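J.: This is the structure I want to talk about, given as structure tokens.
The values are calculated or read from the model by the stated rules, or taken from the named source; none is laboratory data. Fair warning: this is a prediction, and the values are worked out from it, not measured in the lab. Counting neighbours? That spans all protein chains shown, and the Cβs are built from the backbone with ideal geometry, glycine included. We work out accessible area using only protein heavy atoms, side chains counted, and drop any ligands, DNA or RNA first. Shrake-Rupley method; radii C 1.70, N 1.55, O 1.52, S 1.80 Å.
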Amino acid sequence: MRYAQGGGLTDERRVFREKLRLEAAERFAQGDENSVIAHDLRVSVRSVQRWRRAWSQNGPRALASKGPASLPLLSDELFAVLERELAKGPVAHGWPDQTWTLSRIKTLIGRRFHKSYTVQGVAALLKRHGWSCQVPARRAIERDEAAVAGWVKETWPSVEGPWRRSTPGSSSRTRPDSR
């Protein structure tokens, strides 16, 4: 992501940057050098060069803020609909178990709203609306205790093997009978 704020500027920061650009435009009109403007405004010379080029082509309005880089794909109203869909559970939407994953939510958003998100975008969307990752319970609801006990008693001993060897072992790889 480009900015530390999670992918974009806050409204206050965007207004602050616009003020810097407009102040630079006043300095362009006065004929100040790019390096002097960059030093005074504490920005890079390259940014001032870019601003001057835009200012010379379209005037000060070229330096005005154009708003946020992108608007969220799901509005608050659509997110409320998504929450209702999530409350129905994954089984209601065709998945075999009751586990919501980011990829399943991504698929649900695509099916329901015809919007495309990345898995990371879904995580950011949920976090932005106060959702958090949940750790599943230690035991699955579908767990069959009788089948597990039978498997542990009958199958596991043959898989695990004996704890001790029936013959004496060796501490040497090259001389097995050195014990």
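J.: So how many residues does region 80-91 have that are within 18 Å of GLU142 (Cβ to Cβ) and open to solvent by 70 Å² or more (accessible area, probe 1.4 Å)?
T.: Looking only at that region, the number is 1.
J.: Pull out all pairs, ordered by first then second residue, where Cβ-Cβ is under 7 Å, the residues are six or more apart or on different chains, the first lies in region 26-52 and is touching a residue at least 24 places away in the same chain (Cβ under 8 Å) and under 18 Å from ALA62 (Cβ atoms), and the second is among the polar types (S, T, N, Q) and part of a helix (DSSP H, G or I).
T.: Once the first residue is touching a residue at least 24 places away in the same chain (Cβ under 8 Å) and under 18 Å from ALA62 (Cβ atoms) and sits in region 26-52, its partners that are among the polar types (S, T, N, Q) and part of a helix (DSSP H, G or I) give VAL48/ASN34; ARG52/ASN34.
J.: I've got another one for you. Do you know which of the residues in region 33-67 that are assigned to a loop (DSSP other than H, G, I, E, B) and in contact with an Asp or Glu (Cβ under 8 Å, 6 or more places away or on another chain) is nearest to GLY121 (Cα to Cα)?
T.: For region 33-67, the residue satisfying everything is SER65.
J.: Is it the case that ARG53 is surrounded by 12 or more Cβ atoms within 10 Å (Cβ to Cβ) and either modelled with pLDDT under 90 or over 30 Å from ARG128 (Cα atoms) (or both)?
T.: Details: surrounded by 12 or more Cβ atoms within 10 Å (Cβ to Cβ): no; either modelled with pLDDT under 90 or over 30 Å from ARG128 (Cα atoms) (or both): yes.
Answer is no for this residue.
J.: In addition: Can you find, within region 2-17, the residue that is modelled with the highest pLDDT among those that are out of contact with any Pro (no Cβ under 8 Å at 6 or more places or on another chain) and of a type in the set (Gly, Ala, Ser)?
T.: Looking at residues that are out of contact with any Pro (no Cβ under 8 Å at 6 or more places or on another chain) and of a type in the set (Gly, Ala, Ser), I get GLY7.
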